[in-house]
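Notes follow once the structure below has been shown.
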Amino acid sequence: MPASRSRARPAPAPVAPAGPTTVIDVARVAGVSASTVSRILNGTARVADSKRAAVEEAIRRLDFRPNLSARSLKMGTTMTVGILAQDIESPFFTRAMRGIEEGLADSGYAPIIVSGHWNAVEEAQRIRLLMARRIDGLVILTGHLADEQIAEFARHQPIVVTGRKLRHDHNLVATWLDQTEAGYLATRHLLSLGHRRIAHIAGPRDHGDAVDRLAGYNRAHEEANLKPDPALVTQGDFLESGGLLAMNRLLDSGAPFTAVFAANDQMSYGARMALYRRGIRVPDDVSIVGVDDLPASAYVTPPLTTVRQPIYEIGLFAARALLHMLGQRVEPVDVPPLELIVRETTRRL
């Protein structure tokens, strides 16, 4: 009789476990140890490419989801960072958040976002809430917290704060732009066009940026040997509605002016609306300059002349600086200086 021939049987496909998939299941399918899978998941493994590929394929086939809570307890990290903004509806903070999101990409860290609403007590409460959730680090986007409070929080948590001049240490990084320069650049531009009666829609009196931009407005006048008319300075609130109301007050006062420096772009939008409703043309009758260069400012009618703040880059810088403090290798980010962007809301008098 002819000798029987044995036929090789295909290896059975891995059977998905009845319960939740574990690291042990992944290790069994990949043909490696459970410790190797764990080290690959937490980024500490130095293994051959073939082993890494086998583990990644097993994760995909088993649809494995790591237990982040257990991993956090073991490694002492939650892979989350807190973001304290002030107003999540504000296009300024939306733009900064876009930079933070990009800066955190591929890092494994996820952001938890809270709002402080420009209230120091609320800001402190939100930070304590984030810290209670065991975040690994914190970004503070401006706000009203005292420098001493931020320094105290940084004793317990890596922190990056924007809009502050603070001394850096191992747990605290700050970035700051000269807002007096912003007010100066805006006003000097109007003066260079021949305007001498320049109104100013200021931001909130308790906001450092607003105070500094008013100082820049005054400085540009002093440099030109001019004394600004106090009747042309009116209060706003950094919102579109505040700009509209402030412009209505200026117009109702009867004080003559040919140009307006609004302390931010959002108030510029409101001021432009007030002028439109009165039949006053921009820039034919009145020129307008803002600060921030929000994305919409290039598309309003007419496009807004403004002082550009690198809002996106500030967010990107904050995220990368925080990752660096958390031990990740990241490319550093340079925050560019303020820049006057001349568009179509200003003209020579």
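The values are calculated or read from the model by the stated rules, or taken from the named source; none is laboratory data. Because the structure is a prediction, the values reported are computed rather than measured. Heads up, the Cβs are rebuilt from the backbone with ideal geometry, glycines too, and the neighbour counts pull from every protein chain shown.
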Which listed residue is in contact with a strand residue (DSSP E or B) (Cβ under 7 Å, 6 or more places away or on another chain) and closer than 27 Å to residue 344 by Cα, from 190, 172, 177, 166:
190
Within the bounds of segment 134-141, is there any residue that is surrounded by fewer than 18 Cβ atoms within 10 Å (Cβ to Cβ) and not in a helix (DSSP H, G or I)?
yes
Just name the residue that is surrounded by the most Cβ atoms within 10 Å (Cβ to Cβ) out of those in segment 276-328 that are assigned to a loop (DSSP other than H, G, I, E, B), out of contact with any helix residue (DSSP H, G or I) (no Cβ under 9 Å at 6 or more places or on another chain) and at pLDDT 95 or above.
283
Could you grab me the full set of residues in segment 259-303 that are in contact with an Asp or Glu (Cβ under 6 Å, 6 or more places away or on another chain), touching a residue at least 40 places away in the same chain (Cβ under 8 Å) and either under 26 Å from residue 178 (Cβ atoms) or of a type in the set (Phe, Trp, Tyr) (or both)?
264, 265, 266, 290, 292, 294, 297, 303
Find the strands (runs of 3 or more DSSP E) located wholly in segment 149-245 whose residues include 2 or more that are surrounded by 19 or more Cβ atoms within 10 Å (Cβ to Cβ) and small (Gly, Ala, Ser), and list them.
198-202
Residue that is surrounded by the most Cβ atoms within 10 Å (Cβ to Cβ) [pool: residues in segment 102-133 that are within 20 Å of residue 173 (Cα to Cα), touching a strand residue (DSSP E or B) at 6+ places or on another chain (Cβ under 9 Å) and among the charged types (D, E, K, R)]
123
In segment 36-50, is there at least one residue being at pLDDT 75 or above and not in a helix (DSSP H, G or I)?
yes
Looking at segment 77-101, which of the residues that are of a type in the set (Val, Ile, Thr) and either surrounded by fewer than 17 Cβ atoms within 10 Å (Cβ to Cβ) or under 14 Å from residue 145 (Cβ atoms) (or both) is farthest from the chain's Cα centre (by Cα)?
88
Please verify whether residue 252 is within 29 Å of the chain's Cα centre (by Cα) and acidic (Asp, Glu), treating the condition exactly as stated.
no
